[in-house]
1. What is the projected area of the convex hull of the Cα atoms of region 238-348, averaged over all directions, in nm²?
2. Given N residues in region 42-192, what is Rg(Cα) / (2.2 N^0.38 Å)?
3. Taking Rh as the Kirkwood radius, which is the inverse of the mean 1/r over Cα pairs, what is the Rg/Rh value for region 132-303?
4. Which of the lysines could be linked to Lys171 by a straight reach, that is with a Cα gap under 26 Å, when you skip same-chain ones fewer than 8 residues away?
5. Hey, how many Å between the Cα centroid of region 214-277 and the Cα centroid of region 300-348?
6. Hey, fewest Cβ within 10 Å first, where do Val275, Val58, Val300 land in order?
7. Considering the chain, what Rg and Dmax in Å follow from its alpha-carbon atoms?
8. Over region 194-241, what per residue volume does the convex hull of the Cα atoms give, in whole Å³?
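Bear in mind that the values in this text are calculations on the coordinates, not laboratory data. Small disclaimer: the values here were computed from a predicted structure and weren't measured. Reconstructed Cβ throughout: ideal geometry from the backbone, glycine too, with neighbour counts over all protein chains shown.
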Amino acid sequence: MSEPLVLGIESSCDETGVGIVRGTELLAHAVASSVEEHVRFGGVVPEVASRAHLEAMVPTLEQAYAQAGVGPQDVDAIAVTCGPGLTGALLVGVAAAKALALAHDKPLYGLNHLVSHVAVDQLEHGRFDRRVGALLVSGGHTEILLVDDLATDVTMLGSTIDDAAGEAFDKVARLLGLPYPGGPHIDRAAREGDGTAIAFPRGLTRGRDMERHRYDFSFSGLKSAVARHVQREQLAGRDLVVPDVAASFQDAVVDVLTAKTVEACRAEGVDTLVVGGGVAANGRLRELVEQRASAAGIEVRVPRPGLCTDNGAMVAALGAEVVRRGLPPSSLDLPVDSSMPVTQVVAA
Ligand code: KG4
Ligand code: ZN
């Protein structure tokens, strides 16, 4: 049987994404982002994101059909993110997917956003032939996953207990007077700075914390430590050395992310690690994860940045895997689930 042709729709946060794949081959990848509309609020405003999805959905679909040279009647299945994410934003994508499924009599698959972030790597580096570990780091999530089987067997080994990694970058950027989204600005500033200049805390890495939260993360204490440092410098009448603060903060985040992830892979006997999410674009993270993973005999797979951030191709990629396995489609009364557990790859 030839590989399934699948349309994927993503709308869990501020990107309206539509992708079309045939198996692990990427045919279309169209994304409209509302990030500009959130800049003045310093973070994603759910209501604004939902409205932007509503406006961008049909144009983005049309763009994807044009890129792939196919129409809605040609696809074998419609895949859509139904969680986790912002409820109002998810509703727009799921409503669009239901309309397409009904109008063209296609099976509908409501899929888990986090698992899609892992599946997308198959478009770039080929189908997984073994279990893989994954580190997902973006404005909305920070998780270590263990993927025994993309379609049926995913476990969460750890996650953040407060802020997501990208959220920490964004909040610290604000403290340093850098624009939103802060990640790329901190990344750039840090290149001129000394990562050992300020000893910022590494959350959940000691004693009891490590026992209870071996693979979990915490970034809110780090953010407060940066705030205190900024305040201290101001009170002392000293100029803030932004590159040093950026580099020291970034090193603290990246140190914990890479140490815990590589340790989780090692303990689970996993020799392949996929890194995804917007923070995967971070230069220091890429460097350190590569270094620590290779020292542990682990191969790192990072999709290109445009596939790391939220997009529809990742949903289509997971959809194709699920269709290929012959798993049953979701029901047409499929709800959205803002906190969909990662163990549920396909919604009933
Ligand atoms: O995956 P993404 O585009 O959107 C979602 O959050 O869903 O990730 C955006 C996040 C933002 O917090 C942004 O600051 C962060 O990724 N980011 C970075 C870098 N580029 C984007 N963080 C650190 N270094 C970067 N180079
Ligand atoms: Zn995401």
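1. Details: hull surface 40.9 nm².
The Cα convex hull of region 238-348, projected and averaged over all directions, gives 10.2 nm².
2. For region 42-192, the normalised Cα radius of gyration comes out at 1.22.
3. 0.99
4. Those lysines meeting the cut-off are Lys223, Lys260.
5. 29
6. Details: Val275 28, Val58 12, Val300 21.
Going from sparsest to densest Cβ surroundings: Val58, Val300, Val275.
7. 20.2, 71
8. Numbers: hull volume 4.0 nm³, N = 48.
Dividing the Cα hull volume of region 194-241 by its residues yields 83 Å³.
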